[in-house]
Amino acid sequence: MKLKHFLILTIFILTSCSDKNKTSIDDDSIILSNYSIRFLAGDEYTVDVLSDTEALSLIEKEPKIASAWWTNDGKSIRIKGESVGSTSIYIIDKKQTDKVAEIKIISDYFAGNYKEDGSKAIIIVDVASQDKSIKDEIENDLKNIATCRTGTMYSFNNDTRSVIISKQNGSKHTGSYDWNINQLTVITNDIIYNYAFQHIGNNIVMLELNYLDTYKTKYPDTPILAAKLLLFLSQVISVP
């Protein structure tokens with residue numbers, strides 16, 4: 001009976017010591033909501049700090065690739081992909097410099113499969129004239145362009161920097177592309193197309209097509225201040 005009690009007491013002591021050691025280790029760690037991030041260059045992401053943040057500081061390994069700053073009253077870290085590449089953000093305890101947490105970051109080049117939806121296009125036309133007929137004509141032109149582009153599929157390959165454009169009428173065009181966060185350039189059949197680019201979020205990107213020069217040439221005697229078409233592309237799993 002004494003042996004039984006001794007064994008029970010021994011197990012209890014060992015278990016208690018194990019729990020204390022575990023708690024001590026946990027208390028010594030910098031706990032984050034995420035330790036690895038992969039996003040499109042230009043995007044931002046928030047990491048919450050789940051442990052005490054009073055004595056913590058941030059170190060950006062390569063700020064040209066990813067920058068970081070405190071937010072949410074010092075309880076969260078906001079990270080932005082400044083350019084394409086891989087890097088890390090370090091969180092260090094200023095009182096215990098051996099306490100370090102690392103957030104690994106991949107800031108990606110634009111790629112993937114996208115489908116264009118002309119029904120969601122935004123048309124911006126500004127004509128400084130009392131005659132509204134030209135403004136109406138430009139708006140109708142841009143609306144028709146958006147309608148014709150509906151359903152166009154794009155497959156961007158960031159390894160080869162190649163793009164395949166599949167239109168609703170069954171035609172396909174191959175070419176190359178270049179992307180730098182705010183600008184997308186597509187080259188097909190030796191024709192260069194430049195688009196202002198914006199990642200809206202939820203796997204949607206916006207391309208801005210500027211037709212100002214086109215309509216200034218078409219209506220040289222009319223003061224046309226803006227003629228833009230904002231198109232929205234949604235990411236899809238694959239291109240059929």
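The values are calculated or read from the model by the stated rules, or taken from the named source; none is laboratory data. This is a predicted model, so every value here is computed, not measured. Methodologically, a virtual Cβ is constructed for each residue, glycine included, from the backbone with ideal geometry; neighbour enumeration extends over all protein chains shown.
Restricting to segment 130-171, name every residue that is without any contact (Cβ under 8 Å) to a residue 12 or more places away in the chain, surrounded by 15 or more Cβ atoms within 10 Å (Cβ to Cβ) and of a type in the set (Gly, Ala, Ser). Listed by number, the list is empty, since nothing qualifies.
Can you tell me which residue within segment 184-194, out of those that are among the polar types (S, T, N, Q) and surrounded by 12 or more Cβ atoms within 10 Å (Cβ to Cβ), is nearest to ASN210 (Cα to Cα)?
Within segment 184-194, the subset among the polar types (S, T, N, Q) is 185, 188-189, 194.
In the following step, the residues that additionally are surrounded by 12 or more Cβ atoms within 10 Å (Cβ to Cβ) were identified as 185, 188, 194.
Values: THR185: 13, THR188: 18, ASN194: 9 Å.
Selected residue: ASN194.
Across segment 207-229, the qualifying residues are those that are of a type in the set (D, E, K, R) and surrounded by fewer than 14 Cβ atoms within 10 Å (Cβ to Cβ), and the one among them that is modelled with the highest pLDDT is ASP213.
Given the residues THR217, THR185, which is the only one that is closer than 27 Å to GLN130 by Cβ, of a type outside the set (A, V, I, L, M, F, W, C) and either out of contact with any helix residue (DSSP H, G or I) (no Cβ under 7 Å at 6 or more places or on another chain) or assigned to a strand (DSSP E or B) (or both)? Give the derivation first.
Numbers: THR185 fails: closer than 27 Å to GLN130 by Cβ.
THR217 is the lone residue from the list that is closer than 27 Å to GLN130 by Cβ, of a type outside the set (A, V, I, L, M, F, W, C) and either out of contact with any helix residue (DSSP H, G or I) (no Cβ under 7 Å at 6 or more places or on another chain) or assigned to a strand (DSSP E or B) (or both).
Would you check which residues across segment 137-178 are over 22 Å from GLY118 (Cβ atoms) and either assigned to a strand (DSSP E or B) or touching a Phe, Trp or Tyr at 6+ places or on another chain (Cβ under 9 Å) (or both) and list them? Across segment 137-178, the qualifying residues are ASN157, ASN158, ARG161, SER162, THR174, SER176, ASP178.
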